[in-house]
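Engineer: Just passing along the structure, written as structure tokens.
The values are calculated or read from the model by the stated rules, or taken from the named source; none is laboratory data. In this text the structure is predicted, and so the values were computed from the model without any measurement. Neighbour counts run over all protein chains shown; Cβ positions are idealised from the backbone, glycine included.
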Amino acid sequence: MARRPMVAGNWKMYKTAGEGAILTQNIEPLVSGIWDDVEVVVCPPYTALKSVSTVIELDRLTMGLGAQDVHWEHEGAFTGAIAPRMLVDLRCDYVIIGHSERREYFGETDETVSKKARAVFAAGMVPIVCVGESLAVREAEETETFVRGQVRAAIEGLSAEDASRLVIAYEPVWAIGTGRTPTPEGANDVARSIRATVGATFGQPSAISMRVLYGGSVKPENAAMFFAEPDIDGALVGGAALEASSFAAIVEAAR
Ligand code: PGA
């Protein structure tokens with residue numbers, strides 16, 4: 001079964017509400033007409049979700065909207081946190097969960113990733129779950145074991161139907177923002193192992209439909225090599241997503 005490729009831009013802590021609206025307007029003409037072939041998603045910071053959402057709606061843009069994190073509770077006394085239904089209210093389709101920067105700087109654990117994944121599905125959105133090994137894990141040649149463990153934790157408690165819609169981004173921590181990448185074949189080996197892990201829990205149909213993205217220093221120059229791999233269904237893009245032309249070039253490569 002052919003999976004529709006996805007290219008998602010993770011804007012991290014860049015772009016104000018106004019800057020985000022302009023970037024979205026600049027991306028649109030470069031990727032319009034591609035929607036049937038590639039799902040394009042932008043993930044601005046919380047404070048730019050509304051303005052970007054408004055641009056997407058007013059201009060009837062063919063782009064999806066994602067947040068970069070979420071709390072797992074429906075509501076409550078959690079100062080500073082954002083609930084899934086608040087993101088639905090802004091027409092978010094996706095939520096990035098378990099990004100390595102959240103794991104490293106904000107205490108995200110496999111357990112909170114799992115709670116968030118369930119909450120995101122329960123609210124009617126789809127999580128983009130990030131997994132990936134540190135350099136130390138890679139040098140110890142434990143990448144696949146480590147990543148499989150992260151995946152197993154993240155998918156606990158999901159249904160087979162959830163799993164078939166799930167997006168997992170394989171992002172080696174040492175490749176994020178560094179200009180270094182694994183070989184496309186090496187990234188595909190991990191992507192295949194991620195798919196097999198989901199398949200072992202939920203069966204082949206879920207494993208075949210779910211999408212696995214590669215992330216970590218994806219640029220217009222290297223994107224096509226990753227997209228040529230059979231188990232890689234697109235990319236989660238950081239730095240190169242902050243400029244319309246480089247983001248659009250990566251989208252074009254996924255076509
Ligand atoms: P990068 O970031 O493309 O800048 O390496 C990717 C990510 O953190 O999702």
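Engineer: Can you tell me which condition Trp174 does not meet? The list is (1) more than 15 Å from the ligand (Cβ to nearest atom); (2) over 23 Å from Val40 (Cβ atoms), and all the others hold.
Structural biologist: If we test Trp174 against (1) more than 15 Å from the ligand (Cβ to nearest atom); (2) over 23 Å from Val40 (Cβ atoms), just (1) comes out false.
Engineer: Can you tell me which residue within the range 208-217, out of those that are within 16 Å of the ligand (Cβ to nearest atom) and within 15 Å of Leu166 (Cβ to Cβ), is surrounded by the most Cβ atoms within 10 Å (Cβ to Cβ)?
Structural biologist: Looking at residues that are within 16 Å of the ligand (Cβ to nearest atom) and within 15 Å of Leu166 (Cβ to Cβ), I get Val212.
Engineer: Just to be sure, is Ile232 buried (at least 18 other Cβ atoms within 10 Å of the Cβ), part of a helix (DSSP H, G or I), within 15 Å of the ligand (Cβ to nearest atom) and at pLDDT 95 or above? Give the derivation first.
Structural biologist: On the way: buried (at least 18 other Cβ atoms within 10 Å of the Cβ): yes; part of a helix (DSSP H, G or I): no; within 15 Å of the ligand (Cβ to nearest atom): yes; at pLDDT 95 or above: yes.
No, not satisfied.
Engineer: Same structure again: May I ask you to list the residues in the range 108-125 that are among the charged types (D, E, K, R) and crowded, with 23+ Cβ neighbours inside 10 Å?
Structural biologist: The one that is among the charged types (D, E, K, R) and crowded, with 23+ Cβ neighbours inside 10 Å: Lys116.
Engineer: Of all residues in the range 148-201, which are among the hydroxyl-bearing types (Ser, Thr, Tyr) and surrounded by 15 or more Cβ atoms within 10 Å (Cβ to Cβ)? Before the answer, list the steps.
Structural biologist: Residues of the range 148-201 among the hydroxyl-bearing types (Ser, Thr, Tyr): 159, 164, 170, 178, 181, 183, 193, 197, 201.
Of everything in the range 148-201, those that are among the hydroxyl-bearing types (Ser, Thr, Tyr) and surrounded by 15 or more Cβ atoms within 10 Å (Cβ to Cβ) turn out to be Ser164, Tyr170, Thr181, Ser193, Thr197, Thr201.
Engineer: Here are Pro220, Pro184, Pro205: which of them is within 16 Å of the ligand (Cβ to nearest atom), over 24 Å from Gln68 (Cβ atoms) and either modelled with pLDDT of 95 or more or in contact with an Asp or Glu (Cβ under 8 Å, 6 or more places away or on another chain) (or both)?
Structural biologist: Pro184
Engineer: Mind counting the residues in the range 45-64 that are more than 16 Å from Ser245 (Cα to Cα) and either touching an Asp or Glu at 6+ places or on another chain (Cβ under 9 Å) or of a type in the set (Ser, Thr, Tyr) (or both)?
Structural biologist: Going through the range 45-64, the residues more than 16 Å from Ser245 (Cα to Cα) turn out to be 45-62, 64.
When the remaining residues are screened for being either touching an Asp or Glu at 6+ places or on another chain (Cβ under 9 Å) or of a type in the set (Ser, Thr, Tyr) (or both), the result is 46-48, 51, 53-56, 59, 61-62, 64.
Looking only at that region, the number is 12.
Engineer: Here is a follow-up. I need the full set of residues from the range 1-26 which are surrounded by fewer than 19 Cβ atoms within 10 Å (Cβ to Cβ) and either over 24 Å from Val129 (Cβ atoms) or among the acidic types (Asp, Glu) (or both), in order please.
Structural biologist: Within the range 1-26, Thr16, Ala17, Gly18, Glu19, Ile22, Gln25, Asn26 meet the criteria.
Engineer: When the range 65-104 is examined, which residues are found to be under 16 Å from Ala8 (Cα atoms), within 16 Å of the ligand (Cβ to nearest atom) and free of Cβ contacts under 8 Å to residues at least 60 places away in the same chain?
Structural biologist: Ala67, Gln68, Asp69, Val95, Ile97, Gly98
Engineer: Is one or more of the residues making up the range 185-202 under 20 Å from Ala2 (Cα atoms), within 14 Å of the chain's Cα centre (by Cα) and not in a helix (DSSP H, G or I)?
Structural biologist: no
Engineer: Then there's this: What helices (runs of 4 or more DSSP H) completely inside the range 114-174 contain at least 2 residues that are of a type in the set (Val, Ile, Thr) and modelled with pLDDT of 95 or more?
Structural biologist: 143-155
Engineer: Criterion first (surrounded by fewer than 21 Cβ atoms within 10 Å (Cβ to Cβ), free of Cβ contacts under 8 Å to residues at least 40 places away in the same chain, within 16 Å of the ligand (Cβ to nearest atom) and not small (Gly, Ala, Ser)) does Pro29 satisfy it?
Structural biologist: no
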